[in-house]
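Accompanying notes for the structure given below.
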Number of protein chains: 2
Amino acid sequence: MKCRRCRQPTVIELRRHNAAFCRDCFLHHCREQVKRAVHDFRMMAPGDRVLVAVSGGKDSLALWDLLLDLGYDADGLYLGLGIGEYSDESGRCARAYAERRGAKLVEVDIPTQFGFDIPGAAIATRRVPCSACGLSKRHLFDRAALDGGYDAVVTGHNLDDEAAVLFGNVLHWHTEYLGRQLPVLPARDGFPRKVKPLVRLGEREMAAYCVIRGIDYIVEECPMAAGNRHLGYKDALNAIEASSPGAKHDFYFGFLSRAAARFADRAEADQATLHPCPTCGAPTTAERCAFCRLVERAGGSLPGATVPVELGETRRAEVTT
Amino acid sequence: MKCRRCRQPTVIELRRHNAAFCRDCFLHHCREQVKRAVHDFRMMAPGDRVLVAVSGGKDSLALWDLLLDLGYDADGLYLGLGIGEYSDESGRCARAYAERRGAKLVEVDIPTQFGFDIPGAAIATRRVPCSACGLSKRHLFDRAALDGGYDAVVTGHNLDDEAAVLFGNVLHWHTEYLGRQLPVLPARDGFPRKVKPLVRLGEREMAAYCVIRGIDYIVEECPMAAGNRHLGYKDALNAIEASSPGAKHDFYFGFLSRAAARFADRAEADQATLHPCPTCGAPTTAERCAFCRLVERAGGSLPGATVPVELGETRRAEVTT
């Protein structure tokens with residue numbers, strides 16, 4: 001098989017594109033897919049300052065690399081989750097990449113700054129660890145982006161991730177999640193804009209990208225995630241993709257073009273009753289925000305820097321941009 | 001494990017119900033599930049004359065048996081599809097059951113009456129055999145029900161079938177199919193009412209029902225269906241059900257309660273332009289109905305009994321009941 005672009009020997013075949021690429025043309029392909037996603041969904045404008053959520057895994061490091069190469073003003077944010085060696089190693093990968101590129105990496109360490117860790121929070125809440133982890137990530141990424149005056153939080157969710165999340169949401173008909181499972185969530189009162197520029201690229205492509213670019217990433221899955229439902233949904237979709245290449249792409253993009261808007265009312269209803277959390281100022285529909293309740297249940301403490309007044313000002317500034 | 005109802009030794013465990021049943025209580029469970037589906041979705045009223053689409057497989061024979069035991073005036077309709085030994089054997093099972101129960105079995109043999117068979121139609125149309133087969137079944141069941149003055153066509157689609165079809169429709173976001181994937185389709189101009197009383201029962205339950213009741217059914221899958229996508233969707237859902245019992249039930253019934261209505265506009269749009277087929281009188285959106293076009297492409301012929309006027313009268317009578 002020859003490279004679709006230059007007819008040279010290939011390093012990767014992409015069945016859903018019915019194509020194969022050489023090293024350089026594959027990197028070009030990845031950049032083009034990101035450019036197309038950014039353009040089609042109006043994710044970012046030239047000159048935007050964005051904050052990349054960096055886990056140390058292949059997706060977020062490849063994304064950061066792609067955005068820097070495409071000329072975006074992209075800083076990274078790494079969250080220390082307190083998951084033993086996994087956190088040590090993923091933090092090392094994130095720092096090594098930032099140093100190599102001379103890029104700015106902001107770090108927030110949950111155990112140091114909030115006095116709890118994800119394994120402990122899972123035990124305290126009696127829920128799967130991914131629940132406390134996702135909640136903490138969303139809260140702290142949002143806060144860091146607003147405090148730092150960034151135009152958007154950028155996350156490395158790829159096509160496999162989005163298709164699996166969509167599958168889970170559809171299996172349970174979580175209509176409120178379906179209403180906001182979009183590649184761009186616009187900024188709104190108290191929330192920064194959130195964008196997912198890797199939705200046109202699969203996880204195998206992101207691993208290949210890192211290998212070709214010599215980016216050292218943490219290969220292991222998070223040990224807390226082992227056996228979770230999300231991985232089961234990925235397996236189910238992988239079996240379907242194997243016999244019908246492009247099935248995941250069609251599932252996700254078909255949803256965006258023909259179904260997502262049908263659930264928009266449910267997402268909006270959820271937002272109608274937002275007010276600032278009295279403890280940290282984050283928007284919430286409950287009496288206190290879910291992160292502050294998590295910190296309390298996990299036996300941690302909220303640092304003094306998060307007084308509502310200061311955050312409220314930052315957020316008002318953000319909302320008017 | 002003891003029977004949930006009577007505490008006797010059990011013959012079957014149903015993980016999604018977190019229950020096991022003895023022989024008699026399992027049969028009671030199946031009848032209760034059918035009664036509940038019929039009641040919840042207002043499928044049939046007492047005294048209705050219904051036509052059961054009988055393939056000779058476990059689902060349709062169990063359904064017929066359940067409806068007769070529940071006191072419905074239920075005749076069977078068997079379609080000869082011309083699929084070699086598979087058709088011979090399935091026809092034999094259908095006739096044997098009808099004879100045993102003294103029930104009325106109407107037979108329509110496609111090769112004899114329309115001069116083609118499903119394998120030949122698949123070759124002629126260059127599409128998967130299931131396409132020509134499903135089209136022929138829908139057309140001929142509808143016609144037989146209207147001609148015979150039945151109140152509804154009753155089909156043996158079980159929970160596994162419906163969940164797999166739903167999964168396929170969701171994977172492709174076939175919004176027009178999603179809009180009408182319901183356990184009851186009311187009668188409307190030119191179409192009889194269609195109901196699926198087995199939606200609360202799985203395929204394993206229907207096989208067990210037939211074994212316990214001593215109903216001889218064709219065990220083999222249709223040889224034409226081997227490797228089709230529908231079976232792949234079933235495999236994917238089975239893997240999820242294995243780790244989350246009840247997942248299929250929640251997927252299908254969650255769709256009905258929280259999502260189906262969101263696609264209703266697409267189903268209605270499809271019906272806006274129906275008119276009678278000039279050849280056979282069946283409602284169609286095209287110049288001629290899909291079945292008449294299939295018969296022509298497959299080299300068959302339409303019998304004289306299908307003149308539009310006669311069918312038109314039958315249909316008008318049906319619509320007013």
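The values are calculated or read from the model by the stated rules, or taken from the named source; none is laboratory data. All values derive from a computational prediction rather than experimental measurement. Cβ sites come from the backbone with ideal geometry, for glycine too, and all protein chains shown count toward neighbours. We work out accessible area using only protein heavy atoms, side chains counted, and drop any ligands, DNA or RNA first. Shrake-Rupley method; radii C 1.70, N 1.55, O 1.52, S 1.80 Å.
Here is a list of conditions, (1) surrounded by fewer than 23 Cβ atoms within 10 Å (Cβ to Cβ); (2) within 27 Å of B:Leu105 (Cβ to Cβ), and B:Ala19 meets all of them except one; can you say which number that is?
B:Ala19 satisfies all of (1) surrounded by fewer than 23 Cβ atoms within 10 Å (Cβ to Cβ); (2) within 27 Å of B:Leu105 (Cβ to Cβ) except (2).
Any residue in the range A:176-199 that's on the phi < 0 side of the Ramachandran plot: show its pairings with residues that are basic (Lys, Arg) and assigned to a loop (DSSP other than H, G, I, E, B) at Cβ separation under 6 Å, as long as the two are six or more apart or on different chains.
A:Pro183/A:Lys196
In this structure, is A:Ala207 open to solvent by less than 30 Å² (accessible area, probe 1.4 Å) and more than 10 Å from every other protein chain (Cβ to nearest Cβ)?
Yes; evaluated as a whole, the condition is true for this residue.
I want to confirm something. Restricting to the range B:238-274 and keeping residues that are under 22 Å from B:Phe191 (Cβ atoms) and without any contact (Cβ under 8 Å) to a residue 12 or more places away in the chain, which single residue is farthest from the other protein chains (Cβ to nearest Cβ)?
Top of the filtered list is B:Ala272.
Is it true that some residue in the range A:297-306 is open to solvent by 80 Å² or more (accessible area, probe 1.4 Å), at pLDDT below 50 and under 13 Å from A:Arg143 (Cα atoms)?
First pass over the range A:297-306, keeping only residues open to solvent by 80 Å² or more (accessible area, probe 1.4 Å): A:297.
Imposing the further condition that a residue be at pLDDT below 50 reduces the set to none.
No: zero hits.
Show me the helices (runs of 4 or more DSSP H) entirely contained within the range A:72-159 in which 3 or more residues are within 27 Å of A:Val199 (Cβ to Cβ).
Once the helices (runs of 4 or more DSSP H) in the range A:72-159 are filtered for at least 3 residues that are within 27 Å of A:Val199 (Cβ to Cβ), what remains is A:84-101, A:129-147.
Can you pull out every residue in the range A:58-77 that is open to solvent by 10 Å² or more (accessible area, probe 1.4 Å) and in contact with a Gly (Cβ under 6 Å, 6 or more places away or on another chain)?
A:Asp59, the sole residue that qualifies.
Being open to solvent by less than 60 Å² (accessible area, probe 1.4 Å) and assigned to a helix (DSSP H, G or I) is the filter here, so list the residues in the range A:243-261 that pass it.
If the condition is that a residue be open to solvent by less than 60 Å² (accessible area, probe 1.4 Å) and assigned to a helix (DSSP H, G or I), then A:Ala247, A:Lys248, A:His249, A:Phe251, A:Tyr252, A:Phe253, A:Gly254, A:Phe255, A:Leu256, A:Ala260 are the ones that fit.
Which of the residues belonging to the range A:160-181 are within 12 Å of chain B (Cβ to nearest Cβ), open to solvent by less than 20 Å² (accessible area, probe 1.4 Å) and part of a loop (DSSP other than H, G, I, E, B)?
A:Trp173, A:Gly179 - these are the residues of the range A:160-181 that are within 12 Å of chain B (Cβ to nearest Cβ), open to solvent by less than 20 Å² (accessible area, probe 1.4 Å) and part of a loop (DSSP other than H, G, I, E, B).
Report whether or not A:Arg95 is open to solvent by 10 Å² or more (accessible area, probe 1.4 Å), under 17 Å from A:Ile218 (Cα atoms), in contact (Cβ under 8 Å) with a residue 12 or more places away in the chain and out of contact with any helix residue (DSSP H, G or I) (no Cβ under 8 Å at 6 or more places or on another chain). Steps first, answer last, please.
Numbers: open to solvent by 10 Å² or more (accessible area, probe 1.4 Å): yes; under 17 Å from A:Ile218 (Cα atoms): yes; in contact (Cβ under 8 Å) with a residue 12 or more places away in the chain: yes; out of contact with any helix residue (DSSP H, G or I) (no Cβ under 8 Å at 6 or more places or on another chain): yes.
The answer is yes for A:Arg95.
Restricting attention to the range A:10-44, and to residues there that are assigned to a loop (DSSP other than H, G, I, E, B) and free of Cβ contacts under 8 Å to residues at least 24 places away in the same chain, which single residue is farthest from A:Val195 (Cα to Cα)?
Restricting attention to the range A:10-44, the residues satisfying the condition of being assigned to a loop (DSSP other than H, G, I, E, B) are A:10-11, A:18, A:22, A:41-44.
Cutting the leftovers down to free of Cβ contacts under 8 Å to residues at least 24 places away in the same chain gives us A:10, A:22.
Working: A:Thr10: 31, A:Cys22: 29 Å.
Ranking the candidates gives A:Thr10 first.
Can you name every residue in the range A:112-136 that is open to solvent by 50 Å² or more (accessible area, probe 1.4 Å) and either modelled with pLDDT of 95 or more or more than 18 Å from the chain's Cα centre (by Cα) (or both)?
A:Thr112, A:Gln113, A:Asp117, A:Ile123, A:Arg126, A:Arg127, A:Val128
What are the residues in the range B:210-234 that are within 14 Å of another protein chain (Cβ to nearest Cβ), assigned to a helix (DSSP H, G or I) and either under 16 Å from the mean Cα position of the chain (by Cα) or farther than 20 Å from B:Phe255 by Cα (or both), if any?
Matches in the range B:210-234: B:Arg229, B:His230, B:Leu231, B:Gly232.
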